[in-house]
Structures are given as C-alpha cells and as structure tokens.
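I'd like to ask you about the structure that follows.
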Number of protein chains: 2
Amino acid sequence: MKEVRIGFVGLGTVGAGALAALTAEPETIARKAGTPLRVTRAAVRDPELPRPVDLNGVALTTDALAVATDPEIDLVVEVMGGVGLAREVVSAALRAGKSVVTANKELIAKHGRELFALADQHGADLAFEGSVGGGIPIIAPLGHGLTANRVHQVVGIINGTTNYILSAMTRSGQPFDQLLAEAQAKGYAEADPTDDVEGHDAAYKLTILAMLAFNTAVAEEQVYREGISSLQPEDIALAHQLGYVFKLLAVAKDRGDRLELRVSPCLVPEKHPLASVNDVYNAIFIEAEPVGQVMFYGRGAGADPTGSAVAGDIVAVARNLGRGGRRGYPLAFDDQRPVATLDQIESSYYVRMRIVDRAGVLATLAGVLGDHGVSIAQVLQTAHNDCDCGCDCAGAELVWITHHTTEASIRDSLSVMRGLDVVNCICNVYRCFGVDGD
Amino acid sequence: MKEVRIGFVGLGTVGAGALAALTAEPETIARKAGTPLRVTRAAVRDPELPRPVDLNGVALTTDALAVATDPEIDLVVEVMGGVGLAREVVSAALRAGKSVVTANKELIAKHGRELFALADQHGADLAFEGSVGGGIPIIAPLGHGLTANRVHQVVGIINGTTNYILSAMTRSGQPFDQLLAEAQAKGYAEADPTDDVEGHDAAYKLTILAMLAFNTAVAEEQVYREGISSLQPEDIALAHQLGYVFKLLAVAKDRGDRLELRVSPCLVPEKHPLASVNDVYNAIFIEAEPVGQVMFYGRGAGADPTGSAVAGDIVAVARNLGRGGRRGYPLAFDDQRPVATLDQIESSYYVRMRIVDRAGVLATLAGVLGDHGVSIAQVLQTAHNDCDCGCDCAGAELVWITHHTTEASIRDSLSVMRGLDVVNCICNVYRCFGVDGD
C-alpha cells in the first residue's frame, strides 16, 4: 500500500486532537505505521467554523456518508458521536470494506455486536480504544495482553466529570450543586450534565469493558445505575472518619452463573489504589487469574488524551492495512450470561440513619441486621443533630458499614427498621468496594 | 492453519505459569486465538523433575536447539533465561521462520536489535511482553496504544525484590541487611541478590522501555546504576519527615539532544501515584504528548503474572499465524541519540550531612550551594547525634532538598563542602523525583 488515505467524520474536540497527534511528526508516524498516512477528507457540520488544526490538503464536506463510502478512502475515523448518523456511517464504511476507528462509547455499547459482525463479514478492522478511559490504553490490554486470563472483576473510575466533582467535594466539603456549577464553568461538565452525573456515560463504558472481559454480549440497559447527585457532604465527611473516600465506580463482576454490572457512588478504603485517583483522572482496576491485580491510570477525556487513543488506533489499523491484514478483536459473544438483578447484588454497605438517642436502640437495630444475616464491620454513632439529608429528621446519627451481604438483605433490613419508632430516618445507603477482599 | 504447534524452551517458574494459563481453559483460548493451540514439545534441563503442570502430550527433551529448529513446531516460547544458549535458541527459531515469544529481559536488552532484525528478515514475530513488569501489559501499550505520542519520560518501579525490601524498610524502620534476609527466606530475593539489589535487572528493563519509548537503540551499559544497599533507615525516616518515600526508580527522560537513563533509589513525594506502589507490585509511569500522564500497575514478577504476559503473547502470535500475518513492533532504531553522562543528569537532590553545630554554619553551606547555582527547596536540621552512616562522624544532622540542578553542580558543591572544617561528613546523596514538575 503506497499510502493509507483517511477520512474523518467529525472534527470536534476528539477529531481535532487525533488529527493534531497524527500530523505533529508525520515522518515518525509513517515509520511506525510502515506507510505514509494522508487525511484527505473530513465531514463536518459547518465547514466555515475555524478549527485549531491545519486542514491543508483536507477536503471538507457536510456529507458524512459520502466520506464513509468514498472509494478513495481506506480508513474512516468516526468521531462525530451519537448513535443515529454515526451508526449509519460506521456500517456503510464497514460494508464498503473500509476499516473504521471510533471513539464512540454509546455506539459500541449499543450496537457493538452488530458492528463487529459487519467488520468480520467484510474483512475490516473496527478499533475503539478511545471509547473508554480517554488516553489510557485499556481496550487492547484487556482484549489482547490479558487475553489468557479469566477475569474476576473490572472496576473503573471511568467518568472524569463525576470524579472531578467528587474530588472537589472531598477536598472542600462543599455540596454537589455548587461544585457541579464550578465544573461547568471550567468546561469539565456539560450544560446538561445528566449523562455524566447520573452515570449513563460510565454505564456505556462499563458495557464495553464487560463485553471484552467476559466475552459476552451485554446491553447497556442491564447495568444498574445510580448517579452522584444525592450524595451529601456529610456522607463524605463520615466516610473519611471511617477511612474511606467516595468514588463513582463502574463495577463488572463474574459471579459464576451470572454477571454483576453496576455504576454507583461507592466507599473505597483510603489505601486502595483506586482511592488516590482524583480530579479528571480515570483508572481501571482489573482482578484476573493468573495475572492478579492490575490497574491502568490516566486522563479520561479531552482532546489530547482521547486524540492520543484515536491516533494510536489509526496507526495500528494503517499498519494492518499496509500488511494486507487486519487485527480484529477476540470478541466472542456466544457466552450469553444472565445479569444479576438489583436484589442479587453482593457488596458491603454504608448506611446512615437518624435514631432516637436512648438505651437499647443500637442493640435493637443490630438485631434487625443480624436477623437478616447481615454482619457488621464498623459502627459510628455521633450526637450531632443537624441533618442535611433533606428531611426534617433529628436524633443521633448512626452509620453502619456491613460485611458482604446481598442487596436484598440490606433492603429487607432497612424496610423493617423504617417501621420502628426508634428510627427517624434512613438518610443514605451506599455500596462499599475493597472491603472483605473484593 | 489447523492448529498452532508450540515448543517451550524452559519450563521453570515462568514457563510453567504460561503453560498453566494456556491450558486452564483451552477452548476459550482457541476461540480467542482463532485456532487451537497445542504444546507439543518442551526442552528442559532435567526431564525427571516433577513439575506443577500437566505435561500430557508434551514430549520432553534436553536439547533446546532441537525444539527451536523442529519443523513440526510453529511457535517457540523461550523461557529459559540467560543470554548464551537463549540467544542461540531464539536466533535459530527466527532463522527457521518461526515466531518467538520470550520473557527474557537480559536477552532483549542486550541483543534485541539483532533479534528484531532477524525477525523482520524472516517474516516472524518476536513478542516480549513478559520481559518488563511481569503481568502488566506495558510493551504493547507503549509500542502500539501510545505510538502516536512523543514520550517525555518513562519512570518505573520495575523490580519487585527491591520494592519489597524498601516497602518493608519504610514500614518497619529495620535495616537493609535484615530485610534482605527476610525477603530471601520468603523467596522474594535470590540467594545471590546482586542482580536485583544493585539495579541490573531494572537496568535491563529500562533499556527495553527506552528503546520502545524513544525509537532508539540503547545499550544497557549506558544506564547509570545505583542499588539500594547503602540506604539507611535514617534516610527513610528523614524522607518521611519531609513528605517523601524511597523507591528504586528506573528513569528514562528525553532531554532534547540526549537521553537520560538511570536506575537509583529516589525520593518520591508521598502524593505521587508511584509513592503508593508497595511490596512486590510494579508500576510504570509515562508522561507523553498528547496523552499526558498514564500509569500501569500490577505484580511485577512470578509464575502467575509473568505467565499471564507470556500466554497473552502466545495467543496474539498464534492469532497472527492463523491469519497468515505477523504483527511486529514499530521499532525504529535509526534515531541514535546520545545518552547523558552522570554529570549531565538533571534532578532535584536530597543530601544528608553532619555539621559542626555553631552559628553561621548553615549560612556558609547555603552559600556554597548558591555559588554553584543550586537553589534550596527544603532544609531540615536536627540536633540528634548518633549517625548510622558507618563513619565516626558526629554533630548536628542537616538535610537539604534542592530544586532542579545538574549532578555536576551538586558534586562540585559537595566537594567544596567536604573541604570545610564545619562539615564532618556527607552521609548520603539521593535524587528526588516528582519535584519541580518532573
């Protein structure tokens, strides 16, 4: 192959970042790819918009499908986002036998199965390193380097916006709303932050990681999801007193006959490697056999990190094209495994409540937990009386950290406690991670 | 390809680990490799030795070269170690057009250039993920995923034995000799520990990382090397007081016209991600453009982690063989860059000395540093009088942490200080990492 001709679909933050990485040292890149790379065409919404990259030699169009099917293009880079037109673009390119590089997590999470089949059918590569963890190489290590392992769990801090807000809450003690506004002002959160703060973005990424880790088709709706917006500064302070920090964790666990898939704020012991992953950094922690524990850490989003991942994929795919081959991913979707229901989730738990401060109450409540087979790891009772949980409750504040149990046992216990007149309010319940050896 | 036939050369710790990983779930592995894998032959020193793996169907021999050149074998796994026979074995296999998987850091560090050329010449793959960082995927991420980056520095904790000893020294305050003996008793250190504690092992690994990061040929003798055996409990305690922990760091930096390559005990700020990498864990921290900072963490040695890496390579190479291709590594050795001399090394420094405790001494010494352009970041003076540095010195203990400077400036300053009658002893000098934005 004399040169690999590349068409971009989308030239926003990630597209411009990837293009800049590709063209910074074109000779080095050509040497690594084994062939010169030339970006010949790009589809953009507004060709007049000024962009922070040199577009010399790049023909702009507004027709995304024209780039995808252009016979003069060997490799299509889809960085437009969304799952409507992007799905059409990627499908059309693969059908035309072109290899595709994408950073579109929603697309891979929702339609990956169909797109990988198309790629196989047409002998094309479909690379998606940029879809999870920004610049952190995680897709290739999980799909290739760790391929001889049986994965027990993948646990990620894979959303930069929420990690930035949680880190700021932990440092400053200020409430969620205020720090969300600050993150928006700094460009770390969108005007409509739902996708990030309610955990949708993390759920897409977890779906992709679970597919690779467990060789099974996973639908993003199967991921149980809780966001960080109800987290109170008081929970963060209490967690700190007990030796934990709050992180929005995306957790995929092999539970033998089923998978457990969830995104929710969790308490992480301060000494766990995930606890010190702060601000916009991401990390993916994997426990597998025989490798043991491995962790991958880096910046999880933005033009530069994600551009690095997309450009790395472009070089790898171009290298394959030059050698007349393709790399593919060892994805096997025939291992269809059921996903745990909410009740079946196993974890240790943090429960904060307000109780009537009189003799015997603690024993009564501990008895309720015991009746449901829930054993207690830590207890903290304080006398302070102002509660920030939004209700009018008062009384002594009581925090439990339980040993491993099921979500059903916790919910049943709490439902019994709610009926007791010594319990004023169950303020908040969160899962813990890294306790009891998980 | 109906099946890929594999020959092992060596079946010690790593070989047995890789074989166990390959054969634990053969159908899953075959699906991932796209072809069944069959280990047909293995060369071992003593065929009678009992081994912890199932060798059913594996013909044992003592003739390593016979396995390397066996026409019935497609893929040779070299896990015997050393650079004598191992080099012959790998060369012979590549010359016969067979792909090779190795975990031999010394071989790749010393003869990688020649072996990669042989692989290219004969259209064979040469994979070496297991040579650095045990089970941590680092070779592929550096060579492929981050390939579109310009690497500024690679900094690794890449020797498990020394990290185990340093972690134990930090926790217990006990001296090096005692904890080395403990590590030996636990099997974490060899009977002759020189290779690990004097930094040879880390230097081999750094050589490999530097070749990949900077696309340049590096000889392992170009790595400046200091071990951990002269480190005193007092240095560790003082570092802690100043907010640092000691780690044996392997550092490769791009200094523009030259590379800086060194292995030595360094002070790392307690908040740096590398500071919390303890015991037998390894981590490789990379700073590159555009990706920013990324870190890879996991167990750095042993049958299981390294077996995982070797088995991952075997699956990847088999996958390539099945598709009639090879993957190769984008190594380009034509960028021959000079390596910094010791004097040219740039760092911030920790200096511990004993001084005569009288007015004006601190000013005199600070003046000497200033005369050499060395600026001071932190100073700690204590009155305590027993020194553990081995000389008969006494006096007040004084510790400097400097800002970035050159090794030459530090050495010149210290040489002037040694001539002053207010200085009783320069006890120890170490480099710091992660200070002044490095």
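Looking at (1) more than 7 Å from chain A (Cβ to nearest Cβ); (2) farther than 29 Å from A:GLY300 by Cβ, which one does B:GLY307 not meet, given that it meets all the others?
(1)
Same structure again: Among the hydrophobic types (A, V, I, L, M, F, W, C), under 15 Å from B:SER167 (Cβ atoms) and buried (at least 18 other Cβ atoms within 10 Å of the Cβ) - does that describe any residue in segment B:255-265?
No, that holds for no residue.
If a residue must be away from chain B (no Cβ under 14 Å), among the hydrophobic types (A, V, I, L, M, F, W, C) and either outside any strand (DSSP E or B) or over 18 Å from the mean Cα position of the chain (by Cα) (or both), how many such residues does segment A:241-279 contain? First the steps, then the outcome.
From segment A:241-279, those away from chain B (no Cβ under 14 Å) are A:241-244, A:246-253, A:255-267; that's our starting set.
Next, only the ones that are among the hydrophobic types (A, V, I, L, M, F, W, C) stay: A:242, A:246, A:248-252, A:259, A:261, A:263, A:266-267.
Subsequent filtering for residues that are either outside any strand (DSSP E or B) or over 18 Å from the mean Cα position of the chain (by Cα) (or both) retains A:242.
Matching residues across segment A:241-279 total 1.
Moving on to the next point. Residue check, B:ALA24 against (1) in contact with a Leu (Cβ under 9 Å, 6 or more places away or on another chain); (2) at pLDDT below 95, all met but one. Which one?
(1)
Evaluate the following for B:GLY130: is it at pLDDT 95 or above and not hydroxyl-bearing (Ser, Thr, Tyr)? Can you show your working first?
Details: at pLDDT 95 or above: yes; not hydroxyl-bearing (Ser, Thr, Tyr): yes.
Here the answer is yes, as B:GLY130 does meet what is asked.
Tell me the residue from A:TYR204, A:TYR188 that is open to solvent by 40 Å² or more (accessible area, probe 1.4 Å) and touching a residue at least 60 places away in the same chain (Cβ under 8 Å), please.
Working: A:TYR204 fails: open to solvent by 40 Å² or more (accessible area, probe 1.4 Å).
Result of the check over A:TYR204, A:TYR188: A:TYR188.
Only one of B:GLU198, B:GLU221 is closer than 30 Å to B:ARG337 by Cβ, without any contact (Cβ under 8 Å) to a residue 24 or more places away in the chain, open to solvent by 20 Å² or more (accessible area, probe 1.4 Å) and under 18 Å from the mean Cα position of the chain (by Cα); which?
Working: B:GLU198 fails: without any contact (Cβ under 8 Å) to a residue 24 or more places away in the chain.
Every option except B:GLU221 fails the conditions.
Conditions: (1) within 30 Å of B:ALA217 (Cα to Cα); (2) modelled with pLDDT of 95 or more. B:ASP335 meets all but one. Number of the miss?
Single failed check for B:ASP335: (2).
So, in segment A:18-54, of the ones that are crowded, with 17+ Cβ neighbours inside 10 Å, more than 28 Å from B:ASN215 (Cα to Cα) and hydrophobic (A, V, I, L, M, F, W, C), which residue ends up nearest to the other protein chains (Cβ to nearest Cβ)?
The selected residue is A:ALA42.
One line per residue, one yes/no per condition, for (1) modelled with pLDDT of 95 or more; (2) more than 7 Å from chain B (Cβ to nearest Cβ):
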| position | (1), (2) |
| --- | --- |
| A:ILE136 | yes, no |
| A:ALA148 | no, no |
| A:GLN153 | yes, yes |
| A:TYR164 | yes, yes |
| A:THR170 | yes, yes |
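Additional query: Is there a residue being more than 7 Å from chain A (Cβ to nearest Cβ), in a loop (DSSP other than H, G, I, E, B) and open to solvent by 10 Å² or more (accessible area, probe 1.4 Å) anywhere in segment B:281-299?
Within segment B:281-299 (the criterion being more than 7 Å from chain A (Cβ to nearest Cβ), in a loop (DSSP other than H, G, I, E, B) and open to solvent by 10 Å² or more (accessible area, probe 1.4 Å)), the answer is no, since none of the residues qualifies.
Would you check which residues across segment A:99-134 are crowded, with 24+ Cβ neighbours inside 10 Å, in a helix (DSSP H, G or I) and within 12 Å of chain B (Cβ to nearest Cβ) and list them?
Across segment A:99-134, the qualifying residues are A:GLU129, A:GLY130.
Moving on. Could you please let me know if B:GLY143 is within 14 Å of chain A (Cβ to nearest Cβ), over 30 Å from B:SER230 (Cβ atoms), under 19 Å from the mean Cα position of the chain (by Cα) and touching a residue at least 12 places away in the same chain (Cβ under 8 Å)?
So B:GLY143 fits the description; yes.
The values are calculated or read from the model by the stated rules, or taken from the named source; none is laboratory data. None of the values given here were measured: they were computed from a predicted structure. Heads up, the Cβs are rebuilt from the backbone with ideal geometry, glycines too, and the neighbour counts pull from every protein chain shown. Ligands, DNA and RNA are excluded from the accessible area calculation, which covers all protein heavy atoms including side chains. Shrake-Rupley method; radii C 1.70, N 1.55, O 1.52, S 1.80 Å.
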